[in-house]
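The values are calculated or read from the model by the stated rules, or taken from the named source; none is laboratory data. Everything numeric here is computed off the predicted structure, so don't read it as measured data. Don't worry about glycine lacking a Cβ; one is built from the backbone with ideal geometry, like all the others, and counts go over all protein chains shown.
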Amino acid sequence: MTALQTFAAPLGRFLLANMFFMSGLMKITQYAGTQGYMDAMGVPGMLLPLVILTEVLGGLAIILGWKTRYAAIALAGFSVLSALLFHADFSNQAEMTSFMKNIAIAGGFLMLVVHGPGAYALDNRTKNNPA
């Protein structure tokens, strides 16, 4: 493994997953507003605790490199689902940009699924761990 790969892997995991971790924490502090937005978009607001858990725990798992492949699959699916539910108004340029951003993020997570967490990951501490 080259020095670039050694340092790029944990930095890449952090940059990819930190937005989910922080977004989940913000949803806790802005719970009512987020729940109202979800309801307005036709998504049951009662799903908000599941959204928060997915973002916070999934983001933290990716950052730490723990069960990386499982967390990456979950967040890739979450990103595609979010794109379809909240950003599918292709007549609006801003929504189209958000849609494509979510799809690109899903692609980044799928790269983690295929290639694993790289260096400085908790997954590397256990022998023969496929996640």
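Tally time: how many residues in the stretch 54-86 are within 17 Å of ASN18 (Cβ to Cβ) and part of a helix (DSSP H, G or I)?
Count: 20.
Which pairs do you get when a residue that is in a helix (DSSP H, G or I), found in the stretch 38-50, comes within reach of a residue that is among the charged types (D, E, K, R) and modelled with pLDDT of 95 or more, reach meaning Cβ atoms under 8 angstrom, with the pair 6+ apart or on two chains?
GLY45/ASP39; LEU48/LYS27
Results for (1) farther than 18 Å from GLY12 by Cβ; (2) in contact (Cβ under 8 Å) with a residue 60 or more places away in the chain; (3) hydroxyl-bearing (Ser, Thr, Tyr), shown as yes or no for each residue.
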| residue | (1), (2), (3) |
| --- | --- |
| VAL56 | yes, no, no |
| ALA72 | no, no, no |
| PHE78 | yes, no, no |
| SER82 | yes, no, yes |
| PHE90 | yes, no, no |
| ALA121 | no, yes, no |
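For the stretch 13-28, enumerate the residues that are within 16 Å of SER79 (Cβ to Cβ) and either under 14 Å from the mean Cα position of the chain (by Cα) or in contact (Cβ under 8 Å) with a residue 60 or more places away in the chain (or both).
Result: ARG13, LEU15, LEU16, ALA17, ASN18, MET19, PHE20, PHE21, MET22, SER23, GLY24.
Just one of MET19, MET46, MET38, MET100 is modelled with pLDDT of 95 or more and surrounded by fewer than 12 Cβ atoms within 10 Å (Cβ to Cβ); which is it?
Step by step, each of MET19, MET46, MET38, MET100 is checked, and only MET46 is modelled with pLDDT of 95 or more and surrounded by fewer than 12 Cβ atoms within 10 Å (Cβ to Cβ).
Might you let me know whether the stretch 101-114 holds any residue that is out of contact with any helix residue (DSSP H, G or I) (no Cβ under 7 Å at 6 or more places or on another chain) and under 16 Å from MET22 (Cα atoms)? So that I can check it myself, show each step before the final result.
Of the residues in the stretch 101-114, the ones out of contact with any helix residue (DSSP H, G or I) (no Cβ under 7 Å at 6 or more places or on another chain) are 101, 104, 107, 111, 114.
Still in the list and also under 16 Å from MET22 (Cα atoms): none.
No, that holds for no residue.
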